[in-house]
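I'd like to ask you about the structure that follows.
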Amino acid sequence: MNTTLGNTHLILLFTLALTLYACGGSDTQTDTTSDSATTSSGSDTDTDTDADADADNDSETQTDTTVVASDLFFFDDAVVESITTQSCTLSGGTQTTCYRITLAGEPAVDEIGPFCPPTITSDASQGGIWFDGSGEVYDIDGEFISNLDQLYGDGWQLYDLSTGEVNITDTQEACEAAARPNVDPAYQNYCVQCDLDYYGGGVSETVLLPVTPVPLSNPSYVNANMGVSLNGVILAAQAPVDAILSNYTIAAFDDCGGHINPFDGYHYHAATGCSTGVDQEDGHANQIGYALDGYSIYAMLDTSGFEETDLDECRGHTDDARGYHYHVASPGENTFIGCFHGEQGEWLGSE
Ligand SMILES: [Zn+2]
Ligand SMILES: [Zn+2]
């Protein structure tokens, strides 16, 4: 499924060798080593409060916020500006300090796509994956497209009977008519995919994560985007698979578990092994990202292939090395965590 893991680890090792700090920098140079060094000493005064992300690439002299060294780790180019801190109010009303993180809008590592296979004879390498929350992960190859009625019942006809070509939303208009809960009936029986080029190459969103997580007395179940991955991609809320399927559409995910919509751009609905980094010295699972409540999220399995046995309903537990943290669900479950253990930060959207 994923052939880029080797590269991911190479990049990771390279990154770790150079810098211990998260740093996207506010410029676009590919080597952010010097940024990291200067950021930690406080001499980098890039700020970001009011500039739009695109225009900010070469802007060096704004004021207001203080750039701080961050304990967060992201892959190079996962965030488009320096990570700063600001005061914030969490979901439970706690006033505290949050990291302000602006995601680049496209993955720093791993390619996007493919999503929909072109024909009913296409093999698995020409399409992505699909899951409906049942736990099963399907390769979207031509055979999957041809047999949808066996999986989901009558009414499925996602391809041209005479040519075998798959019905694919291959324009911005078609994507936007289909990649929404109330699918335009004209695009029922389509494999839905969108292109980041429709959205300037990516939707750059800003999120506030508490620097010090604040645990809740009762975990909260919120249908919000759950966090961010180390390569800068949103760990999204559950995909609305029932609405998708009831409209006879397949909103195809790529092999990394991501797809594109007009609102969040490219985002993940599953952790399939992409964006995995930060080897843990004790054989614990690798980190994949951060949850909206500020706790870290790790892969489902440890480096020996075992799942933790003491996870709570949020899929979290506590150990001495990491404190409280989550382990993601399996890809077919259509979620990353079970609930939020702490008060959530805030998605500020694209600014
Ligand atoms: Zn989605
Ligand atoms: Zn753990």
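Within the range 208-228, track down each residue that is in a strand (DSSP E or B), touching a residue at least 60 places away in the same chain (Cβ under 8 Å) and out of contact with any Ser or Thr (no Cβ under 8 Å at 6 or more places or on another chain). Let's see the steps before the verdict.
If we filter the range 208-228 for residues that are in a strand (DSSP E or B), which is where we start, we get 208-210, 215-220, 227-228.
Next, only the ones that are touching a residue at least 60 places away in the same chain (Cβ under 8 Å) stay: 208-210, 215-216, 219-220, 227-228.
Those that are in a strand (DSSP E or B), touching a residue at least 60 places away in the same chain (Cβ under 8 Å) and out of contact with any Ser or Thr (no Cβ under 8 Å at 6 or more places or on another chain): L208, L209, P215, L216, P219, G227, V228.
Just to be sure I understand the filter: pairs with C-beta atoms under 7 Å, separated by 6 or more residues or on different chains, first member in the range 258-272 and over 17 Å from D132 (Cβ atoms), second member within 10 Å of ligand 1 (Cβ to nearest atom) and at pLDDT below 95. Which pairs pass?
So the pair list comes out as N261/A179; P262/A179.
Quick one: how many residues across the range 316-351 are basic (K, R) and under 18 Å from the mean Cα position of the chain (by Cα)?
Here the count works out to 0.
For the range 192-233, which residues satisfy the criterion of being surrounded by fewer than 18 Cβ atoms within 10 Å (Cβ to Cβ) and under 14 Å from the mean Cα position of the chain (by Cα)?
Passing the criteria: only A224.
Only residues that are part of a loop (DSSP other than H, G, I, E, B) and within 12 Å of ligand 2 (Cβ to nearest atom): list them for the range 285-302, please. Talk me through it step by step, then tell me what you get.
So the first thing to find is which residues in the range 285-302 are part of a loop (DSSP other than H, G, I, E, B), and the list is 285-286, 292-295, 299-300, 302.
Within the range 285-302, A285, N286, Y295, A299, M300, D302 meet the criteria.
Residues being open to solvent by 20 Å² or more (accessible area, probe 1.4 Å) and under 16 Å from Q287 (Cβ atoms): count how many of those fall in the range 324-340.
Number satisfying all stated conditions: 1.
Tell me whether the range 332-341 contains one or more residues that are within 15 Å of ligand 2 (Cβ to nearest atom) and modelled with pLDDT under 95.
Let us first name the residues in the range 332-341 that are within 15 Å of ligand 2 (Cβ to nearest atom), namely 336-338, 341.
Pick out the ones that are also modelled with pLDDT under 95 and you get none.
No, that holds for no residue.
Follow-up question, since we're still on this one. Just checking, how many residues over the range 135-168 are over 20 Å from Y187 (Cβ atoms), acidic (D, E) and open to solvent by 50 Å² or more (accessible area, probe 1.4 Å)?
Matching residues across the range 135-168 total 3.
Scanning for something at pLDDT 95 or above, buried (at least 20 other Cβ atoms within 10 Å of the Cβ) and within 11 Å of ligand 2 (Cβ to nearest atom), does the range 307-316 turn up at least one residue?
yes
Let me ask something additional. Pull out all pairs, ordered by first then second residue, where Cβ-Cβ is under 7 Å, the residues are six or more apart or on different chains, the first lies in the range 71-90 and is in contact (Cβ under 8 Å) with a residue 12 or more places away in the chain, and the second is open to solvent by 40 Å² or more (accessible area, probe 1.4 Å) and of a type in the set (D, E).
C88/E346
Mind telling me which of the residues D149, D154, D123 ends up being free of Cβ contacts under 8 Å to residues at least 40 places away in the same chain and over 18 Å from D242 (Cα atoms)?
Working: D149 fails: over 18 Å from D242 (Cα atoms); D154 fails: over 18 Å from D242 (Cα atoms).
From the options D149, D154, D123, the qualifying one is D123.
Does D293 satisfy being closer than 23 Å to A224 by Cβ and not aliphatic (A, V, I, L, M)?
On the way: closer than 23 Å to A224 by Cβ: yes; not aliphatic (A, V, I, L, M): yes.
Against the criterion (closer than 23 Å to A224 by Cβ and not aliphatic (A, V, I, L, M)), D293 qualifies.
The rows are residues; the columns are (1) of a type in the set (F, W, Y); (2) buried (at least 19 other Cβ atoms within 10 Å of the Cβ); (3) more than 16 Å from ligand 1 (Cβ to nearest atom); (4) farther than 25 Å from Y138 by Cβ.
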{"residue": "A236", "(1), (2), (3), (4)": "no, yes, no, no"}
{"residue": "V241", "(1), (2), (3), (4)": "no, no, no, no"}
{"residue": "N247", "(1), (2), (3), (4)": "no, yes, no, no"}
{"residue": "N261", "(1), (2), (3), (4)": "no, yes, no, no"}
{"residue": "T272", "(1), (2), (3), (4)": "no, yes, no, no"}
{"residue": "T276", "(1), (2), (3), (4)": "no, yes, yes, no"}
{"residue": "R322", "(1), (2), (3), (4)": "no, no, yes, yes"}
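Suppose the filter is of a type in the set (S, T, Y), open to solvent by 40 Å² or more (accessible area, probe 1.4 Å) and closer than 16 Å to D254 by Cα; does S91 pass it? Talk me through it step by step, then tell me what you get.
Working: of a type in the set (S, T, Y): yes; open to solvent by 40 Å² or more (accessible area, probe 1.4 Å): yes; closer than 16 Å to D254 by Cα: no.
When the stated conditions are applied, S91 does not pass them.
Looking at this structure, is A291 within 16 Å of ligand 1 (Cβ to nearest atom), under 30 Å from C194 (Cβ atoms), under 12 Å from the mean Cα position of the chain (by Cα) and buried (at least 24 other Cβ atoms within 10 Å of the Cβ)?
Values: within 16 Å of ligand 1 (Cβ to nearest atom): no; under 30 Å from C194 (Cβ atoms): yes; under 12 Å from the mean Cα position of the chain (by Cα): yes; buried (at least 24 other Cβ atoms within 10 Å of the Cβ): yes.
When the stated conditions are applied, A291 does not pass them.
All but one of (1) modelled with pLDDT of 95 or more; (2) part of a loop (DSSP other than H, G, I, E, B); (3) surrounded by 18 or more Cβ atoms within 10 Å (Cβ to Cβ) hold for D110; which doesn't?
All conditions pass for D110, except number (1).
The values are calculated or read from the model by the stated rules, or taken from the named source; none is laboratory data. Note that the structure is a prediction, hence the values are computed from the model and not measured. All Cβ positions, even for glycine, are placed from backbone atoms using ideal geometry, and neighbour counts span all protein chains on display. We work out accessible area using only protein heavy atoms, side chains counted, and drop any ligands, DNA or RNA first. Shrake-Rupley method; radii C 1.70, N 1.55, O 1.52, S 1.80 Å.
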